[in-house]
1. Going by average Cβ neighbours within 10 Å, how do the peptides 122-132, 199-209, 83-93 rank, with the highest at the top?
2. Students often check this: by mean Cβ neighbours within 10 Å, which of 58-66, 177-185, 31-39 ranks highest, and how do the rest follow?
3. May I ask you to order 75-82, 160-167 by the average number of other C-beta atoms within 10 Å around their residues, highest value first?
4. Using amide H atoms built in the peptide plane, which far-off residues or other-chain residues are under 5 Å from LEU39 H to H?
Amino acid sequence: MKPSRYLLLSVLVTLPLLAACSATTIEDQPASEFSTAGLHAASGTGFDSAYVLPGANLPGYGQIRFEPFDVSGVDVSTTTMTGTTRRDWEMTAEKEKKLIAAWAGATAHAFPDYPREEGAGKSLRVEASLTRLSPGRAVNTAAGTLGSASTANRDVVNVSIEIRLFDADSGQLLALVRDRQAVGALQWTRAAGTDMTNLFNAWAALLHTRVSGR
């Protein structure tokens, strides 16, 4: 787990915004993984990885549509944590339903000002997916773990996400970010994976800041 992330995650997903941050650098050439899409790797964004299309101008989009949160391809670790069962780690229909609802609620809360008059003719489509769940080590979280109450020496679950932003009309991929955060283990296991509200709210709020440019 990366320390001191919490609600200060820096989500920089568009070239003008990235360039405005002196701590952020963008590779001169497209990343090999996204060479066809023309996305360039960006560092110093606060995300584990970020890729952007030069000139994407996300703040120029006045509408945004979020697809349902995708958990269909999540890789769940086969390693369980002491005190948990295999069932605690399975992606059940109940967990899937509530995770989708949690992300929908987080994005609705973070983007109340959309659609906007400025750029109303341009629409973004956002796809977010849960990519991996795995046990974390017991860590000292005296300052708190993102999405959880402050507790010292608490087992955690690593939650990985990928967010892709497309031009809704052309289907062109404009930006992609990946991140991994840790939440208290009980939030995923004993709470049936539903107590992810704070984590999703943090991701959605920072996504709004960078997409809107506000």
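1. In descending order of packing, they fall as 199-209, 122-132, 83-93.
2. Descending packing order for the listed peptides: 177-185, 58-66, 31-39.
3. 160-167, 75-82
4. Those qualifying (amide H under 5 Å, at least 5 residues apart or on another chain) are ALA31.
Just so you know, all these numbers are worked out from the coordinates, no wet-lab data involved. This is a predicted model, so every value here is computed, not measured. In this analysis, Cβ positions are derived from the backbone assuming ideal geometry, glycine residues included, and neighbour counts consider all displayed protein chains.
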